[in-house]
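The values are calculated or read from the model by the stated rules, or taken from the named source; none is laboratory data. All figures in this text were calculated on a predicted structure; none of them were measured in a lab. Backbone-built Cβ (ideal geometry, glycine too); neighbour counts: all protein chains shown.
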Amino acid sequence: MELKDKLEILADAAKYDASCASSGAPKRDSVDKDGLGATNGMGICHSYTPDGRCVSLLKILLTNFCVYDCQYCVNRRTSNVPRARFSVDEVVKLTHDFYLRNYIDGLFLSSGIIQSSDYTMEQLVDVARRLREDHQFRGYIHLKTIPDADPRLIELAGRYADRLSVNIELPTQDSVTKLAPEKSVHTIKLAMGSIRARLDEKDDHPKAPVFAPAGQSTQMIVGADASDDRTILHTAQTLYGSYKLKRVYYSAFSPIPQSPSSVPSAPPPLLREHRLYQADFLLRGYGFTAKELMPAAGNLALDIDPKLGWALANRAHFPLDLNRADESMIARVPGIGLRTAKRLIDLRRLRRIRWEDLSRLRCSLKKLAPFVITADYKPAQGAASSDLLRRNLADAPRQMNLWPELQAA
Amino acid sequence: MMAVRRAVDTFAEWREAARELLVHGIPPEQVTWSAPHMDDLLAGGDLFTGAPPAAEASDNPSIPPPPTEPPDEPLRPAPHIPRSLMEMLQAAACCRVPDRWAFLYRVIWRWQQGEHDVQSPADEDGARLHAMVKAVHREEHDMHAYIRFRERPEEAGPPRFVAWYEPRHDVLPQVAEHFVSRMGKVSWMIATPEASVLWDGHTLHNTGPLVRDAADLEDTGEALWLTYYRSVFNPARLNTDVMHQHIPSHRWKNLPEAKIVPQMVSEAALGARKVGQYEAVGQRKGTTIPIAPDDAQPERQQPSKLDECRRCELWQFATQAVGGEGPKRAKIMFVGEQPGDQEDLAGQPFVGPAGKLLDRVCEAAGVDRDTIYVTNAVKHFKWEPRGKRRLHKTPVQREIEACHYWLDKELASVKPTVVVALGATALKSVLRTANVTLKDSLGKPLRHEGRWVVTTYHPSYVLRVPGEEAKRAAFNTMVEGLKLAHDLLHRPTETPDA
Ligand code: SF4
């Protein structure tokens, strides 16, 4: 099979993995060095495909042969898909060639399970090792970890890769048992735990050998099972706390060719995925807990974002006096982000905050109006019911600019 | 009042000039800024600012401006500009707006006058400054992201890779640095309408403006890239708005993938949208993998019965159940509260700091820890999130009750003569009642279900209690407790309850 054909099949097979970021690696460069590659910690998206997702890494499977039969996965053994397998050399060469042309920041490599977990993991590690050692590649490498693989292989993977990930895929043990009979949440958690233990070791002993400096991440598929957003967020919170995950990626389930009857035939609304990302961001960046965001069973509202949802359910905290409140509370105001909260605190040291400041800081005025007090403003809607506010503030059906021009400076 | 004219081309020149003007206290209204190389082009006309060339302006930038202030006013001290502001000014200076130098001077002047909110985006000038910086950074970012190198045939000699780009702001120098760090010793060139840079593998060379070569290079790498771009796209998620939101329209024309986007979109809209698979892949012959479900099962240790326990909710949030450890016929059994963060990862009891302290207690009491069976009242780690960490949370009676099932099994199989309850939770579990307090039973051994029960502190308490004095006292209490447990091994069981 031609390289191009393999690429077609093995990129197609890898696209259901939502992780794509190339951020978090330590700074590296190739000035006056043999080999190739730099990382600046930030990560760059080199393109966007018409599904709106970014291309920052060469995201492929080493092979889509797989002995497992996970129902949500296009590569399950009972799926009738074309199969292919890259050689280690081919992956190395593709990564190199794409990198030189500035298409990508590095490699995200995953694989179907072939022969055994250890064998598969060895192959993945081999690609990374060849890139790093034989080709002095300093770009980003993300390896998908096979949970059942020998911890020594995982340790080796962490030596070469910037990031490791173990995908939990489904938020509950029951769903895993049902839809991914060969997988086990127990071993997935153990693998994440062993990665965290290594990351801790590196933190405690800075001289220890490099280990996955960009940390670990995971992915959860949304809408392949019946789990609600509350369950998903609680699982995410458990994973963040327990295994120091950098990111949990949410991937709305895509119906796959010849879908088995055990999974739905229609995708969940993509907006659900979007709301989960927003809620996740609140968990990671704003100090919200899953319980605060989702006190009861069910899904996140689709018509309002989770922060507004929380504010409407917790009116007692509002309106908040922006000239007195502390930063973390200001950041909880709908329409005010972490950066704006910090800017307001900075500005407050110079003078009192006025309504006009909020407009200059490009806050969403309509959204925050019922929730803040400034030197010259008190909300009139103070007594309005949350339901009424919600109706006023709900997202209008989204209309986006097709070709937004850069705003002139 | 005399107007002053300043001609600058670079940020360094502007900074020199601005410093001088500030020292002389010349307000922005009196300064006309121009860019000499532009002046050459425009034969002196000040097209960009729209202002007529000031007749009385001093045209030569090397001559210091005439003193404009009354002679009794001394020169002002050189300005102290914070680094953060300087960095913003420097970035904003790359923004191609006609009045950039005048604007920057106005900002720095206002700062010097004590108007420090000029740096805040809530200020009018500040907002513009932030917007300029943002536009420049955005341009740098776009250039890092959307430059596409094409490979030239080896026979053609260096540079091996060439790229064409049309930046909207003056960011080529910093962008070149980015590619220097990225490409190692590979030679490349980036051409733009205003200037070009060439990297020969060791040194950067500035070359003049280049006109884009009409005949684009053929590059086989590009065909593979398009294949990749097509295949990673998921037609089931077609969402072109977001794509266009991220890549501004003027960028697309130089991206090779732009040519195939319309076709991809229409194919997706035509039906491929139902399944995520790329059409060309769907057309190939598929294969299933003939392997029996049993053979597909990975070899792994069967989870223990304990790990499968669902008597309470705690298992959901923990990594694994942590059972007891120690000799199967140990005479002394330590019962702690529950595994902690590290025990949860390791799957063993008392391996963290509390475990280390327990070692020291054993040593001080002269008891070999290896002869003791160590376990916990509750087998799964109970915690609550605190930022990015797990904070230990005390189990409630219901959970202690539920988990007693396992402790009971351990007691029945190890048959210890003495049980040492470490802390209140352990005590409640061992005595199977919520109505006991640590205080009342400290140091008083009791008989319970045919065994001695000794109560002492939990090692975490010793680690946590504030004050050296209190720590030492608590530690000693633990040592005494262990000594007592050891003595009880030899006490006849008929001894009345203490
Ligand atoms: S804490 Fe105890 S009772 Fe609860 S699930 Fe774990 S082992 Fe079972």
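Some observations on this one:
- Subset of segment B:451-492 (residues that are crowded, with 18+ Cβ neighbours inside 10 Å, β-branched (Val, Ile, Thr) and more than 12 Å from B:VAL361 (Cα to Cα)): B:VAL453, B:VAL454, B:THR455
- Beta carbons closer than 7 Å, at least 6 apart along the sequence or on distinct chains, pair a first residue in segment A:386-402 that is within 14 Å of chain B (Cβ to nearest Cβ) with a second that is surrounded by 11 or more Cβ atoms within 10 Å (Cβ to Cβ) and at pLDDT 85 or above for A:MET400/B:ASP241; A:MET400/B:GLN245; A:LEU402/B:ASP241; A:LEU402/B:HIS244.
- Selection within segment B:221-233 - modelled with pLDDT of 90 or more and within 7 Å of chain A (Cβ to nearest Cβ): B:LEU224, B:TRP225, B:THR227, B:TYR228, B:TYR229, B:SER231, B:VAL232, B:PHE233
- Matching residues, segment A:262-279, being closer than 20 Å to A:SER175 by Cβ and without any contact (Cβ under 8 Å) to a residue 12 or more places away in the chain: A:SER265, A:ALA266
- Residue pairs meeting the criteria (Cβ under 7 Å; at least 6 apart or on separate chains; first over 13 Å from B:ILE190 (Cβ atoms), in segment B:153-168; second assigned to a helix (DSSP H, G or I) and at pLDDT 90 or above): B:ARG168/B:GLU139
- Flag if B:LYS285 is closer than 27 Å to B:ILE190 by Cβ and either surrounded by fewer than 13 Cβ atoms within 10 Å (Cβ to Cβ) or among the acidic types (Asp, Glu) (or both): no
Quick grid of which residues meet (1) away from chain B (no Cβ under 11 Å); (2) within 30 Å of B:LEU391 (Cβ to Cβ); (3) buried (at least 23 other Cβ atoms within 10 Å of the Cβ):
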site	(1), (2), (3)
A:SER242	no, yes, yes
A:SER254	no, no, yes
A:GLN258	no, no, no
A:PRO264	yes, no, no
A:LEU270	no, no, no
A:TYR277	yes, yes, no
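- Test result for A:ASP200, within 13 Å of chain B (Cβ to nearest Cβ) and of a type in the set (Asp, Glu): yes
- Verdict on B:SER413 being within 25 Å of B:THR371 (Cα to Cα), of a type in the set (Ser, Thr, Tyr) and either surrounded by fewer than 18 Cβ atoms within 10 Å (Cβ to Cβ) or touching a Cys at 6+ places or on another chain (Cβ under 9 Å) (or both): yes
- For segment A:1-13, the candidate set comprises residues that are buried (at least 20 other Cβ atoms within 10 Å of the Cβ) and more than 7 Å from every other protein chain (Cβ to nearest Cβ); within that set, the residue that is farthest from B:ALA236 (Cα to Cα) is A:LYS6.
- Residue within segment B:341-354 that is buried (at least 23 other Cβ atoms within 10 Å of the Cβ) and within 17 Å of B:TRP452 (Cα to Cα) present: no
- Test: residue in segment A:73-88 that is outside any strand (DSSP E or B), of a type in the set (Val, Ile, Thr) and either buried (at least 20 other Cβ atoms within 10 Å of the Cβ) or in contact with a Gly (Cβ under 7 Å, 6 or more places away or on another chain) (or both): yes
- Restricting segment B:331-347 to residues that are more than 14 Å from chain A (Cβ to nearest Cβ) and within 16 Å of the ligand (Cβ to nearest atom), the residue that is farthest from A:GLY241 (Cα to Cα): B:VAL335
- The helices (runs of 4 or more DSSP H) found wholly in segment B:69-157 and carrying at least 2 residues that are within 14 Å of chain A (Cβ to nearest Cβ), at negative phi and within 29 Å of the chain's Cα centre (by Cα) occupy B:83-92, B:124-146.
- B:PRO303 within 16 Å of the ligand (Cβ to nearest atom), more than 25 Å from B:ASP487 (Cβ to Cβ) and at pLDDT below 90: yes
- Condition met for B:ALA236 (under 32 Å from the mean Cα position of the chain (by Cα), facing chain A (nearest Cβ under 7 Å) and touching a residue at least 12 places away in the same chain (Cβ under 8 Å)): yes
- Selection of first residues in segment B:383-406 that are of a type in the set (Gly, Ala, Ser) and of second residues that are within 13 Å of the ligand (Cβ to nearest atom), restricted to Cβ pairs under 7 Å at least 6 apart or on distinct chains, gives the following pairs, ordered by first then second residue: B:ALA402/B:ARG311; B:ALA402/B:CYS312.
- The residue that is nearest to the ligand (Cβ to nearest atom), counting only those in segment B:310-329 that are surrounded by fewer than 18 Cβ atoms within 10 Å (Cβ to Cβ) and more than 9 Å from chain A (Cβ to nearest Cβ), is B:ARG311.
- Test result for B:PHE350, away from the ligand (no atom under 12 Å from the Cβ) and under 40 Å from the mean Cα position of the chain (by Cα): yes
- Matching residues in segment B:311-341 - criterion: being outside any loop (DSSP other than H, G, I, E, B) and under 25 Å from A:LEU239 (Cα atoms): B:GLU313, B:LEU314, B:TRP315, B:GLN316, B:PHE317, B:ASP341
- Checking each residue in segment A:21-40 for being more than 7 Å from chain B (Cβ to nearest Cβ) and in contact with a Phe, Trp or Tyr (Cβ under 7 Å, 6 or more places away or on another chain) picks out A:SER22, A:ALA25, A:THR39.
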